[in-house]
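What follows is a single structure, written as structure tokens, with notes after it.
What follows is calculated from the coordinates using simple rules that are stated; it is not laboratory data. This structure is a prediction, so every number in the text was calculated from the model and none was measured. We place every Cβ from the backbone using ideal geometry, glycine too, and count neighbours over all the protein chains shown.
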Amino acid sequence: MLLNVFCLESMPDPKHQRGVICESILAEHMLNLGFYVLRPLAAHGPIDLCAYDDLGNYYFLDAKMDSQRRLPGRKKKNRVYRVLTEVQKALGVRIAYVDIETRKVDIMPPLPQK
């Protein structure tokens, strides 16, 4: 009986599962752009990954699943924009909106062109 309770409690929440998927897609995206990627050991914190290049440029990124909603009276859906915490603002964190279906990554504010 204890084993069954333990297994149920250790099952990841679907919301957390989607968050891990978004972080992995973001890491792959940054690697494909030629960045080195570091991920924190702790599960919770103000950043999901740090990406840096050979020139010493670095970026702190927070992965968020790209969500859209249709406002009343509108035909087109709009992105649900997330707000940075005060700590994230102080660190210069950028939010990376990740579409799990298409694997598209949209970083705000955008990264400088190489």
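Some values worked out for this structure:
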item	result
From phi via Karplus (6.51, -1.76, 1.60), per-residue ³J(HN,Hα) for the stretch 83-96 in Hz, x at Gly/Pro	9, 6, 6, 4, 5, 4, 4, 5, 7, x, 5, 10, 8, 10
The stretch 40-86: C-alpha gyration tensor shape, a/c 1.5 cut-off, then a/b vs b/c	prolate
Total charge dipole magnitude, the chain, about the Cα centre, Cβ charges on Lys, Arg, Asp, Glu only, Debye to nearest 20	860 debye
Geometric extent, Cα atoms of the stretch 15-61 - Rg, Dmax (angstrom)	10.9, 36
Label-point separation, residue 17 to residue 41 (7 Å along Cα→Cβ), nm	2.8 nm
The chain: translational diffusion in µm²/s, Stokes-Einstein, Kirkwood Rh over Cα pairs, 20 °C, 1.002 mPa s	135 µm²/s
Which of 106, 13 has the fewest Cβ neighbours within 10 Å, and the rest in rising order	13, 106
Contour minus Cα-Cα distance for residue 80 and residue 113 (0.36 nm per residue)	9.4 nm
Neighbour-count ranking [beta-carbon atoms within 10 angstrom, fewest first] of 35, 60	60, 35
